[in-house]
Amino acid sequence: MTRPVQAGEVRLERVPVAVARGLVRGDLSRPATWHPQFPAAGTLSAARMLLGTYEALGVDPEGSPWWFFCVVVEGVVVGDAGFHGPPPQDGPAEVEIGYQVVPALRGRGVATRACALLLTHAWAHGADVVRAEVEPDNPYGPASRAVLLANGLRPDGDLGFVAERPVGPRT
């Protein structure tokens, strides 16, 4: 049996905007630090979606906290996790998250820890509400729902999960 990954072994590293643009252009050259199964099709979709969102808003994503990150375990990029874009300018600061881990590391707690790190990041940067969706045709849906529940998100509708800022001072 493969051992679970320990909490301290998982970290998030911001994907440079230039790398995201390269992925969208089809540059799939893999740095030595990327797992052979990374990037996944979802990584490319996330980069395309985020760049399109920021372009439509007329905002430079460089330095924005509402971006996406490489999931790193023992110095190797094994997935990605991040936000679907910045919160709206008016109303509660609500963001949506997504994440994925390479098949070789699924079931070892990596996605659970990455999700926890995303939530910590969201609260630290002023989010009031964090949402996530699990599509019904997602073959990893049960595992993804378990990740969200383990991180305190609660079901909200057919596909959605939601968490609200923990009570206490903003950091």
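Sorted from longest to shortest, the spans of the Cα atoms of the chain along the three principal axes equal 42, 41, 33 Å.
By other beta-carbon atoms within 10 Å, ranking Ser29, Ser144 with the fewest at the front produces Ser29, Ser144. Between Gln89, Pro39, Tyr99, the Cα set farthest toward the positive side of the dipole of the stretch 8-164 (charges on each charged residue's Cβ, about the Cα centre) is that of Pro39.
Separation of the stretch 18-66 and the stretch 81-121, taken as the distance between their Cα centroids, equals 15 angstrom.
Modelled this way, with points 7 Å down the Cα-to-C-beta line, the labels at Arg106 and Ala124 are 2.9 nm from one another.
Taking the number of Cβ atoms within 10 Å of each Cβ as an exposure proxy, the fewest-first ranking of Val24, Val101, Val110 is Val24, Val110, Val101. Taking the Cβ of Leu159 as the center, what net charge do the other residues with Cβ under 11 Å away carry, scoring Lys and Arg +1 and Asp and Glu -1? Every neighbour counted, the sum reads -3.
Placing unit charges on C-beta atoms (Lys and Arg positive, Asp and Glu negative, everything else neutral), compute the dipole magnitude of the chain about its Cα centre in debye, rounded to 20.
600 debye
Dividing the helix sum by the residues of the chain, where each DSSP H run of 4 or more adds -39500 (n - 2.57), gives a mean residue ellipticity at 222 nm of -9500 deg cm²/dmol. Of all the options Pro39, Pro31, Pro155, the one that moves most in a Gaussian network model of the chain with Cα springs shorter than 10 angstrom is Pro31.
Taken together, the values in this text are just the output of simple stated rules run on the coordinates, not laboratory data. What you see is a predicted model, and the numbers here were worked out from it, not measured in a lab. Methodologically, a virtual Cβ is constructed for each residue, glycine included, from the backbone with ideal geometry; neighbour enumeration extends over all protein chains shown.
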